[in-house]
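Please read the structure below before turning to the comments.
The values are calculated or read from the model by the stated rules, or taken from the named source; none is laboratory data. What you see is a predicted model; the values in this text were computed from it and never measured. Note: ideal-geometry Cβ built from the backbone for every residue, glycine included; neighbour counts use all protein chains shown. To get the accessible areas, we keep the full protein, side chains included, count just its heavy atoms, and leave off ligands, DNA and RNA. Shrake-Rupley method; radii C 1.70, N 1.55, O 1.52, S 1.80 Å.
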Amino acid sequence: MRRPHIKIRTRMTLYNTTASFLLFAAAFATIYLLTAHTLMAYLRKSLELALAQVVVQVENRNGLPYYEDEVPLAEDARYSVWLADGALLSTSGGDLPELSDAAPYTPVHIRIENAEYLAMTSGSFTVGSEQVCAMAAVSCESAQRVLMMLRLILIAALPLLALFSVAINFAVAGKILAPIHSITQTADKLASGGDFSLRMPESGMHDELDDLIHTLNRMLETLDEAFRRERRFTSDASHELRTPLAVITSYTENLLAYSALSEEQRDSLQTILTECRRMNRLIGQMLSIARAQTGSLSVHPETLFLQDTIDGIRSALSEQLAKRNIVLHNDIPADFTLIADQSLFTQLLLNLIENAIKYGKDGGNITVSAKSLSNKKQIMVSDDGIGISETDLPHIFERFYRVDAVRDRSGTGLGLSVAQEIVHLHNGTLQASSTLGKGTCFVITLEH
Ligand code: ADP
């Protein structure tokens with residue numbers, strides 16, 4: 001089963017954003033833990049100072065301990081000093097818990113009036129004749145407030161950074177993948193048009209994609225050269241065959257003019273002449289295709305009144321039409337015009353109409369019609385002849401493809417290939433639809 005199609009750009013964005021998100025989350029967690037640690041160390045230092053201050057301020061007055069509040073503690077600090085029997089010597093006020101069980105100089109968290117404090121005791125020490133114990137506490141509130149603010153900022157920043165990261169990564173992925181788009185577009189044009197003169201633009205970054213484009217362009221160049229050589233060969237070979245063929249035709253015609261020929265000799269010469277003429281047509285068609293493909297066939301677009309063109313073709317083919325008793329209906333509106341090469345377009349229509357006669361039925365009809373659509377024009381050549389089967393239809397534009405080559409010795413199998421080349425030279429398309437035994441319709445579509 002094929003997996004759902006997710007574009008590389010989306011995937012790259014997803015991976016990079018996830019990586020950035022995890023990186024940001026780890027960085028934020030580190031920042032938060034470091035800040036918490038620093039604040040805690042600061043609080044502990046303040047607590048130690050506060051406790052030292054409290055201890056120093058317990059004086060010996062006449063052998064008895066006395067707390068002299070000479071230097072008041074910081075506002076958010078508390079203290080208490082008590083004697084060994086538990087009697088309170090001095091306190092900063094408030095409901096301070098006793099920490100007699102706590103280990104000396106070890107910070108502990110306590111709650112005073114619903115607020116959290118860090119507290120520490122001094123352990124007992126002797127002042128005069130008494131054992132005294134001091135305790136100091138500093139409020140954790142400001143540190144907690146700072147940490148809460150930091151938490152809020154980091155939590156809010158994380159999705160914003162993720163969004164920002166999506167935008168940046170999407171744009172960067174688009175830029176990185178742009179050459180792949182151009183490769184796909186060129187490959188697409190190659191697949192539909194087979195124009196091997198196309199090249200892919202290099203980005204100039206000299207990266208792996210540029211290397212790939214460079215290699216593909218070299219491959220295209222090699223293919224282009226090979227195709228050009230093949231077309232040149234076809235064109236040259238066709239050209240070279242014309243002269244000897246003309247000589248054979250002319251000598252055969254001369255021989256046929258002799259009256260002292262036996263019936264058998266005459267038949268043989270007639271067959272040679274028929275084959276020569278067919279070969280001549282075939283060479284002409286091969287040349288047309290080769291010239292169209294090498295670009296050496298010049299196209300001179302001009303305004304064409306199609307109704308007149310069809311009338312001209314009808315007169316030229318009147319003998320063939322009459323022989324098969326076929327009627328050619330010219331349904332082209334009088335004002336219907338096309339911008340096309342007069343001679344090439346006439347040849348194209350001639351090919352289609354000759355086929356319609358050849359594969360039409362005796363006493364049948366051929367209709368040539370046209371219509372203008374919003375941005376294109378269509379010309380239809382339809383007949384009510386033998387039709388083409390579903391299996392043959394996709395192949396009829398292939399060179400030398402003939403549905404019934406055994407029965408039909410007059411065809412070359414190149415007529416429709418020539419027709420298609422001419423339509424391509426006019427940037428159009430040629431399509432066929434057919435029902436076996438009912439008839440065929442060829443549609444030429446030109447963009448305008
Ligand atoms: P050919 O010289 O054999 O006519 P084409 O390239 O013109 O070569 O046509 C290719 C094949 O397509 C033909 O052999 C024929 O079988 C089929 N074909 C073309 N036009 C028609 C048509 N109007 N009706 C039926 N078959 C057709």
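Would you say P201 is assigned to a loop (DSSP other than H, G, I, E, B) and either of a type in the set (F, W, Y) or in contact (Cβ under 8 Å) with a residue 12 or more places away in the chain (or both)?
Here the answer is yes, as P201 does meet what is asked.
Filter the range 21-67 for residues that are part of a helix (DSSP H, G or I) and open to solvent by less than 30 Å² (accessible area, probe 1.4 Å) and give the result.
A36, L43, L47, A50, L51, V54 - these are the residues of the range 21-67 that are part of a helix (DSSP H, G or I) and open to solvent by less than 30 Å² (accessible area, probe 1.4 Å).
Note down all Cβ pairs under 6 Å where the first residue falls in the range 370-396 and is part of a loop (DSSP other than H, G, I, E, B) and open to solvent by less than 30 Å² (accessible area, probe 1.4 Å), the second is of a type in the set (S, T, Y) and within 13 Å of the ligand (Cβ to nearest atom), and they're at least six residues apart or on different chains.
Listed pairs, sorted by first residue: G385/Y359; G387/S434; G387/T435; G387/T440; I388/S434; I388/T440.
Can you report the number of residues in the range 112-167 which are open to solvent by 60 Å² or more (accessible area, probe 1.4 Å) and at positive phi?
Residues meeting the conditions: 2.
Using beta carbons and a limit of 6 Å, which pairs, at least six apart or on different chains, have the first residue in the range 350-362 and closer than 17 Å to V418 by Cβ and part of a loop (DSSP other than H, G, I, E, B) and the second one near the ligand (Cβ under 9 Å from one of its atoms) and open to solvent by 20 Å² or more (accessible area, probe 1.4 Å)?
Close Cβ pairs (under 6 Å, with a partner that is near the ligand (Cβ under 9 Å from one of its atoms) and open to solvent by 20 Å² or more (accessible area, probe 1.4 Å)) amount to Y359/I386.
Those residues that are part of a loop (DSSP other than H, G, I, E, B) and open to solvent by less than 60 Å² (accessible area, probe 1.4 Å), I need them from the range 80-103; list them, please.
G86, A87, S92, G93, G94, L96, P97, L99, A102, A103
Report, by residue number, each residue of the range 329-363 that is closer than 21 Å to G437 by Cβ and surrounded by 18 or more Cβ atoms within 10 Å (Cβ to Cβ).
Correct list: L352, I353, N355, A356, I357, Y359, G360.
Quickly run through the range 258-298 and pick out the residues that are open to solvent by less than 30 Å² (accessible area, probe 1.4 Å) and either of a type outside the set (G, A, S) or more than 20 Å from L245 (Cα to Cα) (or both).
Once the filter is applied, which keeps residues that are open to solvent by less than 30 Å² (accessible area, probe 1.4 Å) and either of a type outside the set (G, A, S) or more than 20 Å from L245 (Cα to Cα) (or both), the range 258-298 yields L269, L273, C276, I283, Q285, L287, I289, A292.
Does R218 fit the bill of being among the basic types (K, R), surrounded by fewer than 15 Cβ atoms within 10 Å (Cβ to Cβ) and in a helix (DSSP H, G or I)?
The answer is yes for R218.
List the number of the failed condition for E319; all other conditions in (1) in contact with a Leu (Cβ under 9 Å, 6 or more places away or on another chain); (2) without any contact (Cβ under 8 Å) to a residue 40 or more places away in the chain; (3) surrounded by fewer than 16 Cβ atoms within 10 Å (Cβ to Cβ); (4) outside any strand (DSSP E or B) hold.
Going through (1) in contact with a Leu (Cβ under 9 Å, 6 or more places away or on another chain); (2) without any contact (Cβ under 8 Å) to a residue 40 or more places away in the chain; (3) surrounded by fewer than 16 Cβ atoms within 10 Å (Cβ to Cβ); (4) outside any strand (DSSP E or B) one by one, E319 breaks only (1).
Taking into account only those residues within the range 369-387 that are closer than 20 Å to D308 by Cβ and in contact with a Lys or Arg (Cβ under 9 Å, 6 or more places away or on another chain), which is nearest to the ligand (Cβ to nearest atom)?
Within the range 369-387, the match that is nearest to the ligand (Cβ to nearest atom) is M380.
Check off (1) over 42 Å from the mean Cα position of the chain (by Cα); (2) part of a helix (DSSP H, G or I) for L261 and give me the number that stays unchecked.
For L261, the failing item is (2).
What are the pairs, 6+ residues apart or on separate chains, where a residue within the range 411-438 that is buried (at least 20 other Cβ atoms within 10 Å of the Cβ) has its Cβ under 6 Å from a residue that is hydroxyl-bearing (S, T, Y)?
V418/S288; G428/T445; S434/T440
From the residues in the range 75-102 that are without any contact (Cβ under 8 Å) to a residue 12 or more places away in the chain and among the aliphatic types (A, V, I, L, M), which one is farthest from Q53 (Cα to Cα)?
Within the range 75-102, the match that is farthest from Q53 (Cα to Cα) is A87.
Can you run down the residue pairs with Cβ atoms below 8 Å, 6 or more apart or on separate chains, where the first is in the range 55-70 and under 11 Å from T126 (Cα atoms) and the partner is hydrophobic (A, V, I, L, M, F, W, C) and open to solvent by 50 Å² or more (accessible area, probe 1.4 Å)?
Pairs found: V58/L89; P65/L89.
When the residues of the range 418-448 are filtered to those that are among the hydrophobic types (A, V, I, L, M, F, W, C) and in a helix (DSSP H, G or I), which remaining residue is farthest from the ligand (Cβ to nearest atom)?
Here the residue is L425.
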